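Take a look at the structure set out below.
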Amino acid sequence: MKPILRLFFLLISIALATGCSRSMPEERIIIPERPQKIPEKIVKKIPQIMIPEDTRLIVIDPGHGGKDQGAQSKIYPKCLEKNMALSTAKMVESFLRSYGYKTVMTRTDDSYLTLKERAKFANDKIAKLFVSVHFNAAENRKAHGIEVYYFNSEPEKKKTESSKKLAALVLDNVIVTTKGKSRGIKHGNFAVIRETKMPGIIVEGGFITNDDEVEKIKDAAYMKKIALGIAQGIRKYLQAEGDCPRRDSNARPVA
């Protein structure tokens, strides 16, 4: 082989060997930057937004309980307000749930709660309404009938107007279902409706101190009528406010 050709093939071999041994460019690894922690003093300045649990939540408050027996009948066996209030409130809850509303009770057994604790309970739940169930008492044993209270607050005109409207609708419906005597709606300075931030009422379902009326109240069928009237009044109030909930298919009315 001629020297020139030998040199030519040698140069080609060197070129090919160099090309094959050339390393491929390395992939660039991108390491994300570590997120910076927001200083605590800045976090404290960020406003905390509280989202309501349910804008249709209704708090039902059975009056008294535990060591607080409430009113009691003059005749034996003694009829205690705390027991009648709890039984009626449970019926109210059952009716409301059958309508599709979400409810919660301040107590579900014979437990004691202060008035302040009851109001705080409703405020913490950010409830739509607060309804306290009671029965009445008077020195005059002839006193009878049904009445509903709301709190009249000049600085809280909207709450007052809504509470008064709720009281009127509940009373009207309870009178229809029970055929009882209406003693009207009244405003009273009671802690549970004064300290709660939402519209609230106290329903006095009759006088335990009236011998004839307490016999009615002790009857489950009559108690159911009181509960139905309360629930229907609440529903009509919420419907007037444009609040029509989805019906809970699992809920069943009181038997």
Practice problem: From the list SER163, SER153, SER132, pick out the single residue that is assigned to a loop (DSSP other than H, G, I, E, B), within 29 Å of ASP243 (Cβ to Cβ) and in contact (Cβ under 8 Å) with a residue 24 or more places away in the chain. | Solution: SER153
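Is it true that ASP109 is surrounded by fewer than 15 Cβ atoms within 10 Å (Cβ to Cβ), closer than 29 Å to LYS67 by Cβ and under 17 Å from the mean Cα position of the chain (by Cα)? Steps first, please.
Values: surrounded by fewer than 15 Cβ atoms within 10 Å (Cβ to Cβ): yes; closer than 29 Å to LYS67 by Cβ: yes; under 17 Å from the mean Cα position of the chain (by Cα): no.
It is false that ASP109 is surrounded by fewer than 15 Cβ atoms within 10 Å (Cβ to Cβ), closer than 29 Å to LYS67 by Cβ and under 17 Å from the mean Cα position of the chain (by Cα).
Go over the candidates VAL131, VAL104 one by one and state the one that is out of contact with any Gly (no Cβ under 8 Å at 6 or more places or on another chain), within 18 Å of THR88 (Cα to Cα) and of a type in the set (Val, Ile, Thr).
Details: VAL131 fails: out of contact with any Gly (no Cβ under 8 Å at 6 or more places or on another chain).
On inspection, the qualifying residue turns out to be VAL104.
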Practice problem: Only residues that are assigned to a loop (DSSP other than H, G, I, E, B), under 19 Å from LYS142 (Cα atoms) and among the hydroxyl-bearing types (Ser, Thr, Tyr): list them for the range 174-230, please. | Solution: THR209
Exercise. Among the numbered conditions (1) under 15 Å from ILE217 (Cβ atoms); (2) surrounded by fewer than 18 Cβ atoms within 10 Å (Cβ to Cβ); (3) touching a Pro at 6+ places or on another chain (Cβ under 9 Å); (4) not hydrophobic (A, V, I, L, M, F, W, C), tell me where LYS158 comes up short.
Key: (1)
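So how many residues does the range 142-191 have that are more than 20 Å from LYS116 (Cα to Cα) and at pLDDT 95 or above? So that I can check it myself, show each step before the final result.
First pass over the range 142-191, keeping only residues more than 20 Å from LYS116 (Cα to Cα): 142-148, 154-155, 157-158, 161-162, 164-186.
In the following step, the residues that additionally are at pLDDT 95 or above were identified as 142-148, 157-158, 161-162, 164-186.
Result for the range 142-191: 34.
The values are calculated or read from the model by the stated rules, or taken from the named source; none is laboratory data. Quick caveat, the model's predicted, so the values are computed rather than measured. Neighbour counts are summed over all protein chains in view; Cβ atoms, including those assigned to glycine, are modelled from backbone coordinates with ideal geometry.
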